Amino acid sequence: MKSKKTVIYILIGLIIIILAHFIIGEVYPKGASRYPFMLALLGVDIYLWISVRKRVAKLKKGIRLPLTILYWIPLAAFLFFTIISFAYEYSVWPPPLITYVIGVVMVIYSSKLMAVIFFLLYDLIRVVHFSIRFNRAKLQGKPFDHGKKVITRGKFLQNIGLAGGGILLGGFLVGMIKWANDFRIRQFILPSENLPGAFHGLRIVQISDIHLGSWASVEPMKEAVSMINTLQADVVLFTGDLVNFSTDEAYRFKEILSQMEARFGVFAILGNHDYGDYLSWPDETAKQENMERMYRFYDEIGWKLLRNEHFVLDRGGEKLAIVGVENWSSHKRFPKHGDLRKALKGTEEVPYKILMSHDPTHFEKQVAGRHPDIDLTLSGHTHGFQFGVEFKNFRWSLAQYVYKYWAGLYTVAAGSKEQHLYVNRGLGMVGYPGRVGILPEITLITLERA
């Protein structure tokens, strides 16, 4: 009888899920793509709750009820904001709210998923053990004992899952509170035989991936700009992703960013987030107006935006080119607006070239070996996935499974010379509003003539 009720409940649940999918698809087509994600979260919550409910039931009532509420609040909050977003597009929300809603949900469900993996492993062991005992009893002609205890060591897996999820949650929360704005200056000297003598000792500060929509306060940006100015850079090069969704996110930082100083100026390029591709605009005109505001914003803060073009520094007749391309990625989900040939046109006689290109796959696919006249490429984009570990002789991040070049300095042979790529870990955040192990970076590169 109990099993029949369970089957009926499952069938009713499936019918509701299917009907909801069609209703959302008709009423709000844009929201249909989020529906499977919502179901996945619900599945994680239900499975984990079924696995731990007996433990929770043993707790005192004064603890049990608050714990139960806390467990389901993230799902309720996510569903609430998702439903609200059907009526009010993300573009009208305060940017930090979007960041922290998405970020907190991601943090909590990453931790829950950690626990779920171990609970699934435990249940798999139970199923295998059950099957072995059932078939053995059947072959031996003995009655099957349903009540026999299953591998007690399986409980250890459950405990590991809960402990691992708790540790992961704690680490992510510390990453949001403490490490998100723990700016680190990384510096190195880069020698080159191609460097004109007049530029020996040139100090380049690179920053990347500011993602202004993710900053809850302007105060950390004031600190970052102050740190940059103390480095007394000859040039500051910003390698893209000023915002998350739209140019509007940048205006509250206008005064602070305009205070960034460099002897020969601040130069910038566009990253994949800067094109407004992550918002649903009313029409193409509205999207283009957003881009026009982006171009004007750079003019207003005094940064030189390079859009498939270059700028030549001239010191006593000796020259160095700063080349900037728009976003170009080998990954299909990111735009390909970069035109390297156009950007390089007119630099043929310049002996040393620095390329600013947001996505490091551009260096991998179109620069390395193909344009040996480019001595140094500066990229960002990966953020080092904002999660990993870095020691002197060992480093690891999920980013390395997606990007060949994901953080730091890389050198490749190009005939008789070497080409260098530096991938900045980013100053801001996107998605997860924090950092664990991969801290926000300000890079100081000193060029020297070898």
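The values are calculated or read from the model by the stated rules, or taken from the named source; none is laboratory data. Model, not experiment: these values are computed from the prediction. Don't worry about glycine lacking a Cβ; one is built from the backbone with ideal geometry, like all the others, and counts go over all protein chains shown.
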### Task
From (1) under 18 Å from residue 298 (Cβ atoms); (2) part of a helix (DSSP H, G or I), pick out the condition that doesn't hold for residue 176.
(1)
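Could you please let me know if residue 17 is at pLDDT below 70, in a helix (DSSP H, G or I), in contact with a helix residue (DSSP H, G or I) (Cβ under 6 Å, 6 or more places away or on another chain) and surrounded by 11 or more Cβ atoms within 10 Å (Cβ to Cβ)? Show your work before the answer.
Values: at pLDDT below 70: yes; in a helix (DSSP H, G or I): yes; in contact with a helix residue (DSSP H, G or I) (Cβ under 6 Å, 6 or more places away or on another chain): no; surrounded by 11 or more Cβ atoms within 10 Å (Cβ to Cβ): yes.
No.
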### Message
Only one of 240, 165 is part of a loop (DSSP other than H, G, I, E, B), buried (at least 19 other Cβ atoms within 10 Å of the Cβ) and touching a Ser or Thr at 6+ places or on another chain (Cβ under 7 Å). Can you tell me which?
### Response
240
### Query
Out of the residues in region 258-280 that are farther than 23 Å from residue 354 by Cα and touching a residue at least 40 places away in the same chain (Cβ under 8 Å), which is surrounded by the most Cβ atoms within 10 Å (Cβ to Cβ)?
275
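Is region 306-315 home to any residue that is of a type in the set (Lys, Arg) and either closer than 25 Å to residue 201 by Cα or touching a residue at least 24 places away in the same chain (Cβ under 8 Å) (or both)? Working first, answer last.
First pass over region 306-315, keeping only residues of a type in the set (Lys, Arg): 307, 315.
Narrowing the set further to residues that are either closer than 25 Å to residue 201 by Cα or touching a residue at least 24 places away in the same chain (Cβ under 8 Å) (or both) leaves 307, 315.
Taking every residue of region 306-315 in turn, at least one turns out to be of a type in the set (Lys, Arg) and either closer than 25 Å to residue 201 by Cα or touching a residue at least 24 places away in the same chain (Cβ under 8 Å) (or both).
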### Query
Which numbered condition trips up residue 381, out of (1) within 14 Å of the chain's Cα centre (by Cα); (2) buried (at least 24 other Cβ atoms within 10 Å of the Cβ); (3) part of a helix (DSSP H, G or I)?
(3)
### Query
If we keep just the residues of region 349-378 that are of a type in the set (Asp, Glu) and assigned to a loop (DSSP other than H, G, I, E, B), which is farthest from residue 420 (Cα to Cα)?
349
### Query
Counting just the residues of region 213-236 that are in contact with a Ser or Thr (Cβ under 9 Å, 6 or more places away or on another chain) and either of a type in the set (A, V, I, L, M, F, W, C) or not assigned by TED's automatic domain parsing to the domain that holds residue 201 (or both), which one comes out surrounded by the fewest Cβ atoms within 10 Å (Cβ to Cβ)?
216
### Task
Could you grab me the full set of residues in region 316-338 that are within 18 Å of residue 200 (Cα to Cα) and not hydrophobic (A, V, I, L, M, F, W, C)?
316, 317, 318, 319
### Query
Identify, please: which residue in region 413-435 is at pLDDT 95 or above and among the hydrophobic types (A, V, I, L, M, F, W, C) and is, among those, surrounded by the most Cβ atoms within 10 Å (Cβ to Cβ)?
423
### Task
Please list, ordered by first then second residue, the pairs with beta carbon atoms under 8 Å, 6 or more apart or interchain, first in region 196-210 and assigned by TED's automatic domain parsing to the domain that holds residue 315 and more than 14 Å from residue 317 (Cα to Cα), second at pLDDT 95 or above and among the aromatic types (Phe, Trp, Tyr).
206/238; 206/422; 207/238; 208/238; 210/238
### Query
Are there any pairs with C-beta distances below 8 angstrom linking a residue in region 176-194 that is within 30 Å of residue 447 (Cβ to Cβ) and in the same structural domain as residue 353 (by TED's automatic domain parsing) to a residue that is among the β-branched types (Val, Ile, Thr) and surrounded by fewer than 17 Cβ atoms within 10 Å (Cβ to Cβ), with the two at least 6 apart or on different chains, and if so which?
187/446; 188/446; 189/446; 190/446
#### Entry: Where a residue in region 233-251 is over 18 Å from residue 431 (Cα atoms) and its partner, wherever it lies, is basic (Lys, Arg) and assigned to a strand (DSSP E or B), with Cβ under 6 Å and at least six apart
233/203; 234/203
### Task
Please specify each residue of region 219-231 satisfying the condition of being touching a helix residue (DSSP H, G or I) at 6+ places or on another chain (Cβ under 6 Å) and hydrophobic (A, V, I, L, M, F, W, C).
221, 225
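Of the residues 261, 292, 300, 255, which is in the same structural domain as residue 228 (by TED's automatic domain parsing) and not in a helix (DSSP H, G or I)? Before you say what the answer is, go through the steps one by one.
On the way: 292 fails: not in a helix (DSSP H, G or I); 300 fails: not in a helix (DSSP H, G or I); 255 fails: not in a helix (DSSP H, G or I).
None of the others qualify; the one that does is 261.
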### Task
Could you list, in sequence order, all residues of region 52-78 that are within 25 Å of residue 38 (Cα to Cα) and not β-branched (Val, Ile, Thr)?
53, 65, 66, 67, 70, 71, 72, 74, 75, 76, 77, 78
### In region 77-112, the residues that are among the small types (Gly, Ala, Ser) and either modelled with pLDDT under 75 or under 17 Å from residue 175 (Cα atoms) (or both)
85, 87, 91, 103, 110, 111
